[in-house]
Amino acid sequence: MHRVAALLLFSSLVPAQTIQYSEARKVWLINSAHSAYAMGIDAQGQLQHLYWGGPLWSIDDVPAAAERPEISSFDPHQMYENEEFPGWGGPRFYEPALKITRADGDRDLVLHYVSHEIHGDTLDITLNDIRDDIEAVLHYRSDAQTGILARSATIRNNTRQPITIESAQSATWYLPAGEGYRLSYLSGRWAAETQLNREPIQEGMKVLESRLGESGHNLNPWFSIDRDADEDHGAVWFGALAWSGNWRITVEQTPYRQVRLTGGFNTFDFAYVLKPGESLETPVFYGGFAQNGFGEASRLLASLERARIAPGGAAAPLRPVLYNSWEATEFNVSEEGQKELAAKAAKLGVELFVIDDGWFGKRNNDHAGLGDWTPNPQKFPHGLESLIDYVNSLGMDFGLWVEPEMVNPNSDLYRAHPDWVMNFPGRPRSELRNQLILNLARDDVRDHIFDVLDKLASAYKIKYFKWDMNRIFSEPGWPEAPVAEQKELWVKYVWNYYDILRRLREKHPGLSIESCSGGGGRVDLGVLRYVDEFWTSDNTEAFDRLRIQEGFSQAYAARFMSAWVTDVPNTNHRSTPLEYRFLVAMQGALGIGANLNKWTPEDVNLATKMIALYKQIRGAVQNGNLYRLLSPREHDVTANEYVSEHGDTAVLFAFRHSQQYSTPAPSIRLRGLEPHTLYRLESTDGKLLPNQTGLSGAYLMQNGVNLNLTDDYDSTLVVLHRQQ
Ligand code: DGJ
């Protein structure tokens, strides 16, 4: 049969999305157009993982779960069976999904199948300890569009004694048996976040984690695994943990050629007490499968984020072009100064004007004021209203920076409530950036913070909060809680953080929120349920940004990537042309963070033109499909293409870093176009070489476009319009 016809036939046989169960063979199959996932119960009642990969069309294909024979007294069968959610008990020594201690010291936990329920796209499987009524309900929700599974677990103590949970994981994932896998993950630090790493998986364990109290700059809770994939080809398994606190993903390869991943709450300093009748819900761990390389994996995840995770779903409005005054004025904020910047920003076409740090309390530097969230009367003698009205009269919305979890010891709040910060009594309270952290695990602190933000959002016409967090945890003590429960701070802090965000959005539906933590310290799918954007990095230098953004794009959609154009020389002393800086930032949610008072008339003209251009293409960038064509890690040209949701527009961004020997830039082959459709190519800067105005998708994808990128830090943008 002709290959295309065979594929069409196959895809028409694949049920759109189903969760099937075979009672006879005790097997579940979760199927979608992109992937399939299967589990089964063995003769002993253990839930075994059976399949994770491309779509299947028959549940009969999946063999029933079988017990394995013992190899030796050192290799019991439990060590090479793939238990879907292993408790720590019996001879099991890989990373468990659940580990507990009972009140009498008994720590053995063996989980067997009890029952299950299927409701539409969700499956719940209940496991119970073989002796005690300690229950783990495994939740699976399958997304029809992307095939991505959302997994989590509810642990319930139905016994009459308390238990202490030492490890509660959201999911264990198994790759098809075998070796030769590679792990991709994102690492970094402040001002150098989301750097992409790719390395072989070998025997032993690799730990990706945060112990910092937030998801962190150092490692991001995302992974992908492949054997031989590239951007466009090959099988890729990927996942992301939706948690903004201490998280952990372990990647193990066993001596039996099995790769397994386990992720959930970090076990570091973890203890959670479940009294009789209480339960604990783990974060969601998303997992998906792509048949066509890293590019498809990113596009599937991005589309899930836009449609199913972020506020507003697929109908969310496009992100506005914002101006943020931080890099221009830092703490030197005044009504007059901000008005001057606002007037200039409005002329450029900016839609949202944001005052950053320095507007409140005695905040003249980073030594004082955090905690005292009232406008500084010297800086705003007519109140914030006067500035907000002015900003609104210029046709822009108004946004405000806050850092509500933090307090300077030099603040009225700290003087009134020194007990509100996390601390171990009688021991030092380590200051970082001269600030301490309020113990948000306390409900009174949570309510205070909600109140502060609610009052601001009610009193002023605020359309946007930039919620910042500028330090990591230390001395995470909670002296008011019973000793056995004090470590719950790690978890309850994050729940209360989410609770504030949720309540704020509920009460102020027009409000949007950016998650910032000194740049990208709190970028994860947990907080994405409540925020509209992430502040990607404090490093706004355009060339560095290309790599930061490349890493970010592996795991997060462009619409959530806040990106500013700032002045040069920047943090790393590099200077790049203004057009280059614009084009880099236009690949996400565009912002301007420059000191507009220093801009020349030429800068203003160029910026006005670029912002207008951005408004034309932002639909494709923010809600379209990204194709990473050339990576800054591998080439002297970086190229990214965004194809709009319905395929009518495509936007190509290309950047030359440093040319040598006057070698021409390579032809750039596009992706994601319709081969038989004609596209009109539009370039406003003359860098598209001649005779390329109307070309077919087939030609553009096979031969590519030729660009006149000759200088260091040269850049261009080409817009492609589908011809009817
Ligand atoms: C860190 C943020 O990442 C910056 O953008 C800025 O808001 C500063 N904090 C303000 O203190």
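The values are calculated or read from the model by the stated rules, or taken from the named source; none is laboratory data. Because the structure is predicted, anything quoted here is derived from the model rather than measured. Backbone-built Cβ (ideal geometry, glycine too); neighbour counts: all protein chains shown. What goes into the accessible areas is simple: the full protein's heavy atoms, side chains included, and nothing from ligands, DNA or RNA. Shrake-Rupley method; radii C 1.70, N 1.55, O 1.52, S 1.80 Å.
Solvent exposure of the chain, expressed per residue, is 38 Å² of accessible area, with all protein chains present and a 1.4 angstrom probe. For the listed peptides 400-408, 423-431, 86-94, 273-281, a ranking on the average number of other beta carbons within 10 Å per residue, highest first, reads 400-408, 86-94, 273-281, 423-431.
Per residue, what volume in Å³ does the convex hull of the Cα atoms of segment 229-323 enclose?
Numbers: hull volume 19.8 nm³, N = 95.
Cα convex hull per residue, to the nearest whole number: 208 Å³.
Remark on segment 629-722: ratio of C-alpha radius of gyration to 2.2 N^0.38 Å is 1.03. According to the calculation over all Cα-Cα pairs in segment 3-309, the P(r) per 20 Å bin from zero is 33, 60, 7, 0 %. Electrostatic bookkeeping for residue 432 treats Lys and Arg as +1 and Asp and Glu as -1; over the other residues with beta carbon under 14 Å from its beta carbon, the sum is -4. For the chain, averaging the sequence separation of C-alpha pairs within contact (under 8 Å, six or more residues apart) and dividing by the residue count gives a relative contact order of 9 percent. Remark: relative contact order (segment 629-722) = 35 percent; criterion is Cα-Cα distance under 8 angstrom and separation of 6 or more residues.
The listed residues 99, 26, 362, 507 rank as 362, 507, 26, 99 when sorted by accessible area, largest first, using a 1.4 Å probe. Think of the chain as a dipole: +1 on every Lys or Arg Cβ, -1 on every Asp or Glu Cβ, centred on the Cα centre; then among 404, 343, 27, 343 lies furthest on the positive end.
Give the cross-link partners of residue 487 among the lysines, using a straight C-alpha distance below 26 Å as the criterion and excluding same-chain residues fewer than 8 apart. Answer for residue 487, where 26 Å is the Cα cut-off: 99, 206, 275, listed by chain and number.
Between the listed residues 670, 696, 630, the Cα displaced farthest toward the positive end of the dipole of segment 629-722, a dipole computed from Cβ unit charges relative to the Cα centre, is found at 696. Cross-linked pairs 463/492; 466/615; 344/379; 461/598: Cα-Cα separations exceed 26 Å for 463/492; 461/598.
Here, P(r) means the percent of Cα pairs in each 5 Å bin from 0 to the largest distance; for segment 307-370 it is 4, 16, 20, 16, 13, 12, 12, 6, 1.
Counting Lys and Arg as +1 and Asp and Glu as -1, what is the net charge of the other residues whose Cβ lies under 10 Å from the Cβ of residue 277? Residues close to residue 277 contribute a combined charge of +2.
For the peptides 624-636, 237-249, the ranking by mean Cβ contacts within 10 Å, running from highest to lowest, is 237-249, 624-636. In angstrom, the C-alpha Rg and Dmax of segment 439-489 are 14.6, 44.
Neighbours of residue 41 by Cβ distance under 13 Å: Lys/Arg scored +1, Asp/Glu scored -1, total -4.
Using only the C-alpha atoms of segment 164-204, find the volume of their convex hull and express it per residue in Å³. Display every interim value, and only then the final one.
On the way: hull volume 5.9 nm³, N = 41.
Given the Cα convex hull of segment 164-204, per-residue volume reads 145 Å³.
Considering only protein heavy atoms and a 1.4 Å probe, what is the carbon-and-sulfur percentage of the accessible area of the chain? Roughly 51 percent of what the probe reaches on the chain is carbon or sulfur. Once C-alpha pairs closer than 8 Å and six or more residues apart are averaged by separation and normalised to the residue number of segment 321-538, the relative contact order reads 17 percent. For the chain, a simple Cβ point-charge model (Lys and Arg +1, Asp and Glu -1, everything else neutral) yields a dipole of about 940 debye relative to the Cα centre.
Here the Debye sum runs over all C-alpha atoms of the chain as equal scatterers in vacuum, and log10 of I(q)/I(0) at q = 0.06, 0.09 Å⁻¹ comes out as -0.38, -0.85. Panel note: the C-alpha atoms of segment 321-538, placed on their principal axes, show extents of 58, 34, 30 Å (largest first). Taking every DSSP beta bridge that has both residues in the chain, what percent is antiparallel when rounded to the nearest 5? If I count the DSSP bridges inside the chain, around 85 percent turn out antiparallel. With all protein chains in place and ligands, DNA and RNA left out, the 1.4 Å accessible area ranks 443, 356 as 443, 356, largest first.
A dipole drawn for segment 3-309 from +1 and -1 charges on Cβ atoms has a positive end, and of 100, 297, 169 the residue lying farthest that way is 297. Against the compact-protein benchmark of 2.2 N^0.38 Å, the Cα-based radius of gyration of segment 175-266 scales to 1.09.
Looking at segment 46-128, send over the antiparallel percent of its DSSP beta bridges, to the nearest 5. Can you show the working numbers first?
On the way: 9 of 10 bridges.
Roughly 90 percent of the beta bridges in segment 46-128 run antiparallel, per DSSP.
State the Kirkwood hydrodynamic radius of segment 91-165 in Å, one decimal place, computed from all pairs of distinct Cα atoms.
Working: mean 1/r = 0.0726 Å⁻¹.
That comes to 13.8 Å for segment 91-165.
Adding -39500 (n - 2.57) for every DSSP H run of four residues or longer, then dividing by how many residues the chain holds, sets the calculated 222 nm ellipticity at -6000 deg cm²/dmol. The protection proxy used here, the mean number of other Cβ atoms lying within 10 Å of each residue, ranks peptides 563-573, 599-609 as follows, highest first: 563-573, 599-609.
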